[in-house]
Structure formats: C-alpha cells, structure tokens
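The structure appears below as structure tokens.
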Amino acid sequence: MFKSLKIHFKLKISNFKLYWPLLFTAIAIGFNLFLLFPETGIKADLNDSVFALSLISRLNLVLSEITQNGLQISKLPLLVDNWVPEFNMGFPVFSYYQHLPHLTIVVLYRLFSIFHFPFSILDIFNWFKYLMLCLYPLAIYLSARKFGLSKIASGVSSLISTLISTQYLYGTDYNSLVFRGSGMYTQLWGMFFLPLAVSHIYDSIINNRGYIKAVIFLALSFSGHLIFGYMAILCTPVIILSIILSQNINKIIDVTFKYSKRLFLILTSCFLLLSYWFIPLFLNSAYQNRSLWDDQTKFNSFGAIQILKWLVNGQLFDNNRFPVLTIAVAMGFFYALYKF
C-alpha cells in the first residue's frame, strides 16, 4: 500500500513538473479574462471598430443577397470583393483590405441564427475580440515551444505578452485593441497568428514536417492583417540565415539549398492559396496606401532612427513606467547573441 502511494505521489510530482509552466499562461489568460470582461458589453464603438462593424454589416448584407433565392454560387466571389458605399462615396475596400476577420463574424452570426441563439452581430463581434485577445498568451506559449524554447521560458513569454505599453503607436498593446484605445480588430488577428506562422515555418524548415500547418498559419496572418503577413515573410530570411550560420562550414551550401527549398515550398503554397486576393491586389496597388486624412507614418512607419530612440528610452515597451520589459528584451538579445 505504501509503495503504491509512493509511486502515485511521484507520478503527481512528475506531472506537476511537466505542466506547471502552463500556470504562467493560465495566469495571463485569467488576468485578461477578468480585466477585459467589460469589452463584452460594449453597446456602441467610438474607434476603428466602427469601420470593422460597417464592413461586417456590408458582408452580411451581401450574403443575404447571395442566398435570397437559394445559394447563388456564381456570386460567392462578392464576399471577398464587393462595393462598399458607406465610405468615401463608395470604394471596393475588400480588394485591398483583409476580409477573413469580417467574414468570420458573419459566418458565426449565421450559425448562431440557425440554432436561434439571441446574439446580435455586435454581441458576437465583442465576444470574439474579447476571447481572441484573452487567448493571445496561449498563442505565444505554443509558438515559443515550436521555436524550441523550454517550457518555463515559453510560460514566462506568455505571461508578459500582453504587458507591452506604448503611447498609441499602433502596436500589440491594449491601446491598439480595446474600446478606450484604437480598436483595431484586424490587427488583433495579425498579432495572434504572426508568432504561430513564424514558429511553424521555423519548425517546418528545421524538421521537414508540418508544412500544411505552416502554410495555413501564414495564410491566416496575411488574410487576418496584410502587414503582419508581410512581417512574417520578412522574418523568413532571418530564420534561414540563423540556421545556416549554425551549421558546419563544410555543409553550408547543401544546407542552404535544402532549407531554401523548404521555405520556397511554404511561401509558394501560401501565395497560391491566397492568389484570388493577392493578384488583384498587386495589379491595383497604385490605389493602395493613399489617404488624404491619415498621417503617412501609418503606412511608412516612423523611421529607424525614431524607433531606436523609443527603444532606448523605454517608450517602445514601457511607456510611463519602469522599463522592465525593455531591460528584459536587451538581456534576451545579448544573451542570444552570446550563445550564438
């Protein structure tokens, strides 16, 4: 009896050691669930969510027209490319703008309507944003594990993932996403799937596996937010270079060819998957990123010098507080450089 209890106790301890780093992720998710719960009760938005809701309503109207007399297959492309009359005297927004985040809300609304759940589009929109932002630390944890980080390092990464603070620089902090901030719904999609895309690309290149998941997450990054998909692509040369430089000097040519071939397969597959959107976007790019109202920094960034200044003085990660994350980033960077 005592022997079985001892074995049982050892198993409990081993299981605790195996899963306790997930407590960091659970704490981060729980913190967000509590702190951000008022986001579920929003009755009227005042920020960029108004734009997102307008596009969602437009897609819902388009879907109603498509299914009015039975499903009209020939008109389904209107869901990803339609005329939006509410803005700028009318504009084909979805020819240039990501459509999947808006289409997802419409599909969920229709599914709930089938089962007669009394949810409005605004209710689903609020809850979807809320849950996605609350679960962001989980995406960070899973991505860190894919990069080969330890469980404790992955757990700590998820714990601090939503603690970034900037002065409304359209980053990945609360200011960019919540009701009192900028309410950038599609950016939430981008920041959620970006780490998953980059980590799965890394895993596929290194271990020659999981290509479908890498392509799907990269496609979700692009179709969730075009700029975040672009950032995912920019990360891939760094991934390849870091892998190549860690190899034996005699194997560099062979390794370069092998890993570049794997990366090419992922990027090509993603392009083909989203070609229905990418090709028209490229052909009509002359009308993209042109605005009479928005500052050009929204399209062209603030410049490397300004970004580095904010990094050094702590404003990039720790606006109006002790620069604890800035110090952690610096320590991580120099430690990784040392280990490399």
Quiz item: Just one of 79, 100 is touching a residue at least 24 places away in the same chain (Cβ under 8 Å), open to solvent by less than 30 Å² (accessible area, probe 1.4 Å) and not β-branched (Val, Ile, Thr); which is it?
Solution: 79
Quiz item: If the Cβ limit is 9 Å and pairs must be 6+ apart or interchain, which residue in the range 313-339 that is under 25 Å from residue 301 (Cα atoms) and free of Cβ contacts under 8 Å to residues at least 24 places away in the same chain pairs with which residue that is open to solvent by 100 Å² or more (accessible area, probe 1.4 Å) and part of a helix (DSSP H, G or I)?
Solution: 326/312
Self-check item: residue 95 vs. criteria without any contact (Cβ under 8 Å) to a residue 24 or more places away in the chain and farther than 19 Å from residue 49 by Cβ
Solution: no
Quiz item: Within the group 119, 147, which residue is without any contact (Cβ under 8 Å) to a residue 40 or more places away in the chain, in contact with a helix residue (DSSP H, G or I) (Cβ under 7 Å, 6 or more places away or on another chain) and farther than 21 Å from residue 299 by Cα?
Solution: 119
Quiz item: Given the residues 243, 249, 216, 239, which is the only one that is among the aliphatic types (A, V, I, L, M), at negative phi and under 13 Å from the mean Cα position of the chain (by Cα)?
Solution: 216
Quiz item: Restricted to the range 200-232, and to residues that are surrounded by 19 or more Cβ atoms within 10 Å (Cβ to Cβ) and among the β-branched types (Val, Ile, Thr), which residue is modelled with the lowest pLDDT?
Solution: 205
Quiz item: Looking at the range 209-234, which of its residues are β-branched (Val, Ile, Thr) and under 14 Å from residue 188 (Cα atoms)?
Solution: 227
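The values are calculated or read from the model by the stated rules, or taken from the named source; none is laboratory data. These numbers were taken from a predicted model, which means no experiment stands behind them. Note: ideal-geometry Cβ built from the backbone for every residue, glycine included; neighbour counts use all protein chains shown. Just the protein is used for accessible areas: all its heavy atoms, side chains included, with ligands, DNA and RNA removed. Shrake-Rupley method; radii C 1.70, N 1.55, O 1.52, S 1.80 Å.
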